[in-house]
Amino acid sequence: MESQKVLDSRKIALLSIFVALGAVFKIGLAAIPNVEVLTFWIFVITVVYGLRIGFTVGVLANFAADLYIGFGPWTPFTSLGFGLVAVIVYLYNKKAGFRSKRDYLYCGIIATVVFDLFTVITTTWLILGIPLLTALYMQYGILPPTFYPFGIVHTVSNAVLFSFLGEKITGVLKSSFAIF
């Protein structure tokens, strides 16, 4: 019984570290629009520790980061979007697995596009009331008024992270922190 309590406290401590790291990763790159490492971190945690831990880290890390960056009506939906990333990664891993860099690349693209669509629909369209086509254009357009391709930058940066670092980082975590 005592050893079970110790193991549970170790799990809670490690989960807390994962959430804190996720929040720091989001805060650290907040100044660069749509370049972030939290999606990749959720991917790593989900592949190594499963859906429940990945979903928890995604939701709580975003909430924690938004307490610093700025909490708003979008925060619950963005947090659920990061939880959705864990679901996408989990399903991709179960269905296709990760056998090559191409699998990591595809998973990064799919998870990021689904996250972006979910957050555009829930926050920009439903909360802010911007028409859906305008909201999608603002996310993926490179003409006025945006001039910055938010969705394209987000997707490409995450795809690069997933494909170049996915296998290495998940391997390190699997071998170093096999506690869950």
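Contact map, region 53-70: first residue surrounded by fewer than 24 Cβ atoms within 10 Å (Cβ to Cβ), second residue hydroxyl-bearing (Ser, Thr, Tyr), Cβ cut-off under 6 Å, separation 6 or more or different chains; pairs are Val59/Ser79; Phe63/Ser79; Asp66/Thr75. Among the residues making up region 149-172, those that are over 18 Å from Lys101 (Cβ atoms) and assigned to a helix (DSSP H, G or I) are Phe150, Gly151, Ile152, Val153, His154. If only residues of region 89-104 that are of a type in the set (A, V, I, L, M, F, W, C) and within 18 Å of Leu165 (Cβ to Cβ) are counted, the one that is surrounded by the fewest Cβ atoms within 10 Å (Cβ to Cβ) is Phe98. Within region 28-85, the set of residues being within 27 Å of Ser175 (Cα to Cα), at pLDDT 95 or above and of a type in the set (Ser, Thr, Tyr) comprises Thr39, Thr46, Thr56.
Those helices (runs of 4 or more DSSP H) of region 28-119 in which at least 3 residues are among the small types (Gly, Ala, Ser) and more than 13 Å from Asn158 (Cα to Cα), considering only elements entirely within it, cover 51-69, 75-95.
Out of the residues in region 123-135 meeting the condition of being of a type outside the set (Val, Ile, Thr) and in contact with a helix residue (DSSP H, G or I) (Cβ under 6 Å, 6 or more places away or on another chain), tell me which one is surrounded by the most Cβ atoms within 10 Å (Cβ to Cβ). Looking at residues that are of a type outside the set (Val, Ile, Thr) and in contact with a helix residue (DSSP H, G or I) (Cβ under 6 Å, 6 or more places away or on another chain), I get Ala135.
Evaluated against (1) surrounded by 14 or more Cβ atoms within 10 Å (Cβ to Cβ); (2) of a type outside the set (Lys, Arg); (3) at pLDDT 95 or above, Ile17 falls short on exactly one condition, (1). Of all residues in region 118-137, those satisfying the criterion of being among the hydrophobic types (A, V, I, L, M, F, W, C) and either modelled with pLDDT of 95 or more or farther than 29 Å from Phe164 by Cβ (or both) are Phe118, Ile121, Trp125, Leu126, Ile127, Leu128, Ile130, Leu132, Leu133, Ala135.
The values are calculated or read from the model by the stated rules, or taken from the named source; none is laboratory data. Just so we're clear, the structure is a prediction, and the values are computed from it rather than from any experiment. All Cβ positions, glycine included, derive from the backbone under ideal geometry; neighbour counts span all protein chains shown.
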